[in-house]
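The values are calculated or read from the model by the stated rules, or taken from the named source; none is laboratory data. As the structure is a prediction and not an experimental result, all values here were calculated from the model. Don't worry about glycine lacking a Cβ; one is built from the backbone with ideal geometry, like all the others, and counts go over all protein chains shown. Areas reflect the complete protein model, heavy atoms only, side chains present, ligands, DNA and RNA absent. Shrake-Rupley method; radii C 1.70, N 1.55, O 1.52, S 1.80 Å.
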Amino acid sequence: MNEKALKKLEYNKIIDKLTAMAGSSLGKDLCAALLPSDDINEITARQGETSAALSRIYRKGSPGFYGLHDIRGSIKRLEIGSALGAGELLHISSVLDAVLRIKAYGVRGNEENPGDFLEEMFALLEPLIPLNNEIKRCIISEEEIADDASPALKNLRRSMKTANDKIHEQLNFMVNSSSSKTMLQENIITIRNGRYCLPIKQEYRSQFPGMIHDQSSSGSTLFVEPMAVVKLNNNLKELEIKEQDEIEKILADLSNQAGLEAEKLDTDIKVIARLDFIFSKAALSKQMKGTEPVFNDKGIINIKKGRHPLIDPKKVVPIDITLGMDFTMLVITGPNTGGKTVSLKTVGLFTLLGQAGLHIPAFDGSELAVFEEVYADIGDEQSIEQSLSTFSSHMTNTVSILEQATYRSLVLFDELGAGTDPTEGAALAMAILSSLQKRNIRTMATTHYSELKIYALSTEGVSNACCEFDIETLRPTYRLLIGIPGKSNAFAISSKLGLPASIIEDAENRIGIQDKSFEDLISDLEKNRTAIEKERLEISKTRKEIEELRYRLEQKNERIDNARERVLTDAREEARKILQEAKDFADRTIKNFNKWNAEGGVSKDMENERRALREKLSETESGLSLKSNKKSNKPVNLKDFKLGDSVNVLSLGLKGIVSSLPNAKGDLFVQMGILRSQVNIRDLELIDEPVITGPNINRTGSGKIKISKTATISTQINLIGKTVDEAIPILDKYLDDAYLSHLPQVTVIHGRGTGALKNAVHSHLKKTKYVKSYRIGAFGEGGQGVTIVEFV
């Protein structure tokens, strides 16, 4: 891409933003060097990398490329066998820390999708953990090597400490000695030229034996190394030299280990710098709320709600721009400061950013074409750079563009033909556009010339566009309207600003009839478009309100259904508990009665038990009547119910027999097995059942079975102790009574014994038609000693 277009379209400002996103100097260098490509495969790969990094940022956050140093120079020295200093080795360790951290960031979880564009790059990273740990073990800082770096270094430093202690002990003795106190300028031990000395007064120079290493600026103090510690100092100096030699060996050994991994280190630094660059692109996309554009090689541009990235996001107005489908040239007209130049720059800058692999701030699905060159002749007072141009400089640029542009170029003209006589300028502009249009070059141009509006209307492949302007507020809306020529609105603006009507009328009279008619036509088109746009917005608003109301209604219905189901479930559960409690109480009462009958009867106890049973049944009936909340779907009235009718109690899910006629409120009593409960007819559903006939069955007037033993029938029968001949008739009568009482199931107690009674019971049950199924009792029900019988 030519440098002039990059500068005019302010591509460099976006690159500055991108560079600021990078975390390392290497990443910043790659960002600063980024240029657009014209290879669609390379562009697609770049965009894929940016999208993959952006997806990872949204899932995991930014990886953080801190701690990276440029170790490329150190790697080159390692390749030729040179030894590195402690600082360089620490830089390598820091890079390996970053590599380990970034590689861990790149590991996919089980829940994530299969590999993306970055998977292979993360796989190339080698943390070299043994080398990194060895460097950290040996080097504490750039100035300090650890004592444990080698056994020899540890021994040397132990010896140095011992020598230091001896020197200090000897010098402390001399400082505190009465014979030498008078000779000392101060009672301190100091170091000069790496050797321990004492500050001696000048006048005692000849009396204090030792080597002079320095003197004070005034000459009154001499720094003398006492003869008693000269040998000790010499020993310490030798140890320091040995220590330095050992440190150089340690650094050489570490450098040798790093040299063996030089190739991997080189790969690491290149890959991690590339990843820093890619994630910088993703971070910029996130900041701009960008999306990946779709690229084509057909010259088609379709930008959806594009926002210029250098304008304040709170103020920028999104625009829709198409080019290359129905037309290859777009002529944009309208008043100054209306957004014409911004529209030009948006298209040009988006093209450059997209071809550089950067996302564009527009809606998903926006489409861009791949161009070999973008040419821009932009230089107006409304430009972001405030760049001003004369007619000659404009024409120089135009000549250059006409010479170099091809069908794979994008050409952008701002105020084409301006800066000279309007008639000649308009003629030149039309000729230039006509030349480009014949060569099928994608072109966008802004202008104020009415002749260019007519040219666009009358030329195939060329379309008008305008930047909308609100006459009432005298403010541009910055919306780009394709297919409609713009109007300068000079008269309307002047009138709003207070220019006398007589002057405006005079000006209008000076315009040719044809020009005036054309402007009036444009005004009518604009009014009609505005009216249609308002209607469309109102329809859209109404449709949105309808959808919202529908959604709220569906939510409300769903809440009501859930609440109703919850209430019914709670009611059923409560009813089940009441029934179970009543059943248990009735079972206990029957056992007591059986016990008292066997003992000859205890009238007082039996009467108390009856009273308790009646109270419990009344309590149960009251509880069930309160829990009724499910209504019959069939319309019912009082006359539909007769004594002996079979009904379904909806709230309990049980079958029963009507045992009383309904009162005025619709309440009646229903016998459900051993339970007699008051129920409202709205909670009942009549059941059509065949009439059962038999020689000993008493009938009511309705022809249905009249139940006489319902209130006393038990849910179980005990046959233990009886022979087969005695048990079967008893069982047969009990089953008939239980079935007529509408008990859902009963328990037959036959015991274990030899199994003869159990087999006889089972054989009889097989022959009984109204027995649906039977089974041996489960754990807690009696096991092998009982059989559970279920009726049809």
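In region 212-260, of all residues being modelled with pLDDT under 90 and among the basic types (Lys, Arg), the one that is nearest to the chain's Cα centre (by Cα) corresponds to Lys237. Reported count of residues in region 443-493, each being at pLDDT 75 or above, part of a helix (DSSP H, G or I) and among the hydrophobic types (A, V, I, L, M, F, W, C), is 4.
Taken as a whole, the condition of being out of contact with any Pro (no Cβ under 7 Å at 6 or more places or on another chain), over 30 Å from Leu232 (Cβ atoms) and not in a loop (DSSP other than H, G, I, E, B) applies to Asn132. Taken over region 680-703, the criterion of being modelled with pLDDT of 50 or more and either part of a strand (DSSP E or B) or open to solvent by 30 Å² or more (accessible area, probe 1.4 Å) (or both) is satisfied by Asn680, Arg682, Leu684, Glu685, Leu686, Ile687, Asp688, Glu689, Pro690. Each residue in region 173-214 was checked for being without any contact (Cβ under 8 Å) to a residue 12 or more places away in the chain and either crowded, with 17+ Cβ neighbours inside 10 Å or in a strand (DSSP E or B) (or both), and 1 pass. For Ser285, the stated conditions hold: it is touching a strand residue (DSSP E or B) at 6+ places or on another chain (Cβ under 9 Å) and at negative phi. Against the list (1) surrounded by fewer than 21 Cβ atoms within 10 Å (Cβ to Cβ); (2) of a type in the set (A, V, I, L, M); (3) in a helix (DSSP H, G or I), the condition Leu26 fails is (1). Look at (1) out of contact with any Cys (no Cβ under 7 Å at 6 or more places or on another chain); (2) under 17 Å from Ile360 (Cβ atoms) and you find that Ile15 fails only one, number (1). Give me the pairs: first residue in region 128-153 and without any contact (Cβ under 8 Å) to a residue 24 or more places away in the chain, second residue assigned to a loop (DSSP other than H, G, I, E, B), beta-carbon distance under 9 Å, and six or more apart or on different chains, which are they? Going by the 9 Å Cβ cut-off, the qualifying pairs are Arg137/Ala146; Ile140/Ala146.
Against the numbered list (1) in contact with a strand residue (DSSP E or B) (Cβ under 9 Å, 6 or more places away or on another chain); (2) surrounded by fewer than 17 Cβ atoms within 10 Å (Cβ to Cβ); (3) of a type outside the set (Val, Ile, Thr); (4) modelled with pLDDT of 80 or more, Lys706 comes up short only at (4).
The number of residues in region 51-81 that are open to solvent by 30 Å² or more (accessible area, probe 1.4 Å) and either in contact with a Cys (Cβ under 8 Å, 6 or more places away or on another chain) or not in a helix (DSSP H, G or I) (or both) comes to 7.
Just one residue in the set Lys556, Lys595, Lys583, Lys577 is part of a helix (DSSP H, G or I), out of contact with any strand residue (DSSP E or B) (no Cβ under 7 Å at 6 or more places or on another chain), open to solvent by 100 Å² or more (accessible area, probe 1.4 Å) and closer than 16 Å to Leu652 by Cβ; that residue is Lys577.
Could you please let me know if Gly48 is open to solvent by less than 60 Å² (accessible area, probe 1.4 Å), out of contact with any helix residue (DSSP H, G or I) (no Cβ under 9 Å at 6 or more places or on another chain), under 30 Å from His359 (Cβ atoms) and part of a helix (DSSP H, G or I)? So Gly48 fits the description; yes. Of the residues making up region 735-791, those that are assigned to a helix (DSSP H, G or I) and under 26 Å from Ser659 (Cα atoms) are Leu735, Asp736, Asp737, Ala738, Tyr739, Leu740. Filtered by the rule that a residue be of a type in the set (Ser, Thr, Tyr) and touching a residue at least 12 places away in the same chain (Cβ under 8 Å), region 154-172 gives a lone residue, Ser159.
For region 393-407, the tally of residues that are in contact (Cβ under 8 Å) with a residue 12 or more places away in the chain and open to solvent by 70 Å² or more (accessible area, probe 1.4 Å) stands at 2. The set of residues in region 418-442 being outside any helix (DSSP H, G or I), farther than 13 Å from Ala376 by Cα and open to solvent by 10 Å² or more (accessible area, probe 1.4 Å) consists of Ala418, Gly419, Thr420, Asp421, Arg439, Asn440.
Within region 215-231, the set of residues being under 24 Å from Met160 (Cα atoms) and part of a strand (DSSP E or B) comprises Phe223, Val224, Glu225, Pro226. Taken over region 340-384, the criterion of being buried (at least 24 other Cβ atoms within 10 Å of the Cβ), at pLDDT below 90 and assigned to a loop (DSSP other than H, G, I, E, B) is satisfied by Ile378 alone. The set of residues in region 215-235 being surrounded by 13 or more Cβ atoms within 10 Å (Cβ to Cβ) and either without any contact (Cβ under 8 Å) to a residue 40 or more places away in the chain or among the charged types (D, E, K, R) (or both) consists of Gln215, Thr221, Leu222, Phe223, Val224, Glu225, Val230.
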